[in-house]
Amino acid sequence: MNWETVIGLEVHVQLATKTKIFSAASTAFGATPNSQACAIDLAMPGTLPVLNKQAVNYAIMFGLAIDAEICQESVFERKNYFYPDLPKGYQTTQLEKPIVGPGSVTIQLADGTEKSIRIHHAHLEEDAGKSTHEGDLPYGMSGVDLNRAGTPLIEIVSEPDMRSAEEAIAFAKKLHSIVTSINICDGEMSQGSMRFDVNVSVRPDGSSTLGTRTETKNLNSFKFMEEAIEREVERQIDLIEDGGTVAQETRLYNGDTKVAKSMRSKEEANDYRYFPCPDLLPVLVSDEAIDELRRSLPELPDARQKRFVSEYALSDYDSATIASDSNMSAFFETVVGDSNHAKLAANWVMGELSGSLNNAGLGFTESPVSAQQLAGMVARIADNSISGKMAKQVFEAMWLGEGTADEIIDAKGLKQVSDSGALEKIVVDVLAANAVMVEDFINSEESKRKKKLGGFMGQIMKASKGQANPQQVNQILLQKLNELL
């Protein structure tokens with residue numbers, strides 16, 4: 001039997017406010033455990049929450065960015081459940097009247113096709129704390145860090161419109177691109193700034209009835225999410241084909257060990273005993289406030305991609321790759337500056353620089369090579385001062401903090417030889433020293449001569465200590481060899 005995969009996502013986005021959603025406690029990452037949880041975050045008797053206006057604005061900005069319905073009256077409710085890192089015994093969230101209603105996000109797949117993924121809604125809520133576990137049971141230790149308790153989130157809930165891990169990853173990356181482009185989230189998934197809950201079910205091809213779904217929670221990497229989906233799809237199909245049934249449950253996936261396991265049976269909404277929060281009034285948003293936030297929106301990824309194609313003549317692929325990351329986009333545009341070297345700049349930003357940053361676990365804002373430094377190196381490649389091979393040496397030296405491109409080129413003697421007279425002498429000397437190779441070239445069939453040029457080029461580059469301009473050398477070499485035919 002052939003099976004169809006059905007996927008929906010719930011995405012928790014940590015909003016980039018300086019303080020929590022209902023208190024003035026800091027949201028800074030990396031503080032000493034339990035140093036940023038105040039009495040309001042712990043719901044101590046006599047405390048009352050005060051809504052963070054910036055969190056509301058950020059949620060509305062997201063809704064505007066996906067052209068969603070903005071609910072001008074939204075209500076906070078209490079979601080009741082017990083967990084060690086939830087000191088209140090409930091989570092303040094939104095259910096019946098969320099702040100963002102239906103919208104959609106368009107994704108592009110590897111084959112160039114586009115698909116619209118519907119957003120059911122996005123709601124504001126507070127985060128819980130974090131449990132940590134050390135050692136093996138029964139003698140292991142567990143701790144609770146409440147610094148995250150009360151951190152503002154929006155939870156984005158999609159419709160079950162995705163049919164493969166590829167589509168789910170494309171959707172997740174598009175959301176990441178949007179929230180970082182409008183500056184409502186820093187996008188640092190390793191720090192928990194974006195976390196994905198993946199709902200997966202399978203059904204026979206052609207069926208319109210949804211299968212029983214499972215939810216894999218708290219995935220904080222695109223790679224782990226892809227692995228978790230593929231393994232869960234395979235597990236469900238094997239289970240059904242062996243005569244079993246899929247249980248509706250919450251699951252966990254460990255990306256380091258590649259192990260998935262059941263966590264608990266999946267609750268329904270009525271299990272949480274939702275009721276309106278008695279301490280918070282409904283949130284009312286005026287038309288004027290929405291219009292003002294709409295005018296404040298920065299350039300969105302899709303618009304940026306189109307601009308890069310028209311303004312810099314980049315390919316659809318290059319422009320989409322760079323435009324998807326607002327920090328990469330800003331870096332790229334600084335490298336290009338007033339020059340006409342956009343394609344060359346794009347190649348280095350997407351290639352050598354991105355690879356080095358990924359290997360070092362750094363973002364573009366943390367790059368050891370500044371945009372101005374890379375621009376200086378790109379200019380030297382463009383004016384033939386250095387070759388592509390030399391440029392890699394220059395880049396490595398800049399990465400290590402050895403100076404600007406010009407300083408490194410001078411210090412290491414990397415300037416490319418482009419003087420035609422000097423290059424012609426090198427070519428003539430190499431041909432004279434390799435009479436057997438020359439004779440073999442002359443006696444070869446015309447169709448095979450091109451392949452034999454590499455041997456001469458290697459000898460010429462060796463003689464010039466790698467500093468000869470390859471394009472000029474190739475022209476001179478062909479001219480001299482053709483004179484011998």
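Since every read-out is calculated from the coordinates, none of them should be taken as a lab result. Everything numeric here is computed off the predicted structure, so don't read it as measured data. Here the Cβ positions follow ideal geometry from the backbone for every residue, glycine too, while neighbour counts run over all protein chains shown.
Values as computed for the structure displayed
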quantity: Taking N as its residue count, the alpha carbon Rg of the range 99-223 over 2.2 N^0.38 Å; calculated: 1.25
quantity: On Cα atoms only, tilt of 222-241 relative to the major axis of the chain in degrees; calculated: 60 degrees
quantity: Semi-axis lengths (Å, descending) of the ellipsoid that matches the C-alpha gyration tensor of the range 3-289; calculated: 30, 24, 18
quantity: Computed P(r) (all Cα pairs; the range 420-484; 5 Å bins; percent); calculated: 3, 18, 34, 26, 13, 5, 0
quantity: Proximal lysines relative to LYS480, as straight alpha-carbon distance under 23 Å, when same-chain residues fewer than 8 apart are discounted; calculated: LYS425, LYS448, LYS450, LYS451, LYS452, LYS462, LYS465
quantity: Calculated P(r) tail over 15 Å for the range 299-412, as whole % of Cα pairs; calculated: 61 percent
quantity: Relative contact order (percent, whole number), the chain, Cα cutoff 8 Å, 6+ residue spacing; calculated: 14 percent
quantity: Computed FRET value (nearest 0.05) for PHE29 with LEU109, which takes r as the C-beta separation and R₀ as 41 Å; calculated: 0.80
quantity: On Cα atoms only, tilt of 420-433 relative to the major axis of the chain in degrees; calculated: 70 degrees
quantity: Rule-of-thumb Rg ratio for the range 217-353 [Cα; 2.2 N^0.38 Å; N residues]; calculated: 1.66
quantity: Within-14-Å neighbourhood charge of VAL285 [Cβ basis; K, R +1; D, E -1]; calculated: -3
quantity: Per residue, the convex hull volume that the Cα atoms of the chain enclose (Å³); calculated: 230 Å³
quantity: Long pairs among LYS130/LYS173; LYS79/LYS306; LYS20/LYS115; LYS18/LYS217, criterion Cα-Cα beyond 31 Å; calculated: LYS79/LYS306; LYS20/LYS115
quantity: Rounded FRET efficiency, nearest 0.05, which uses the C-beta distance separating ASP410 from LYS462 and R0 of 22 Å; calculated: 0.45
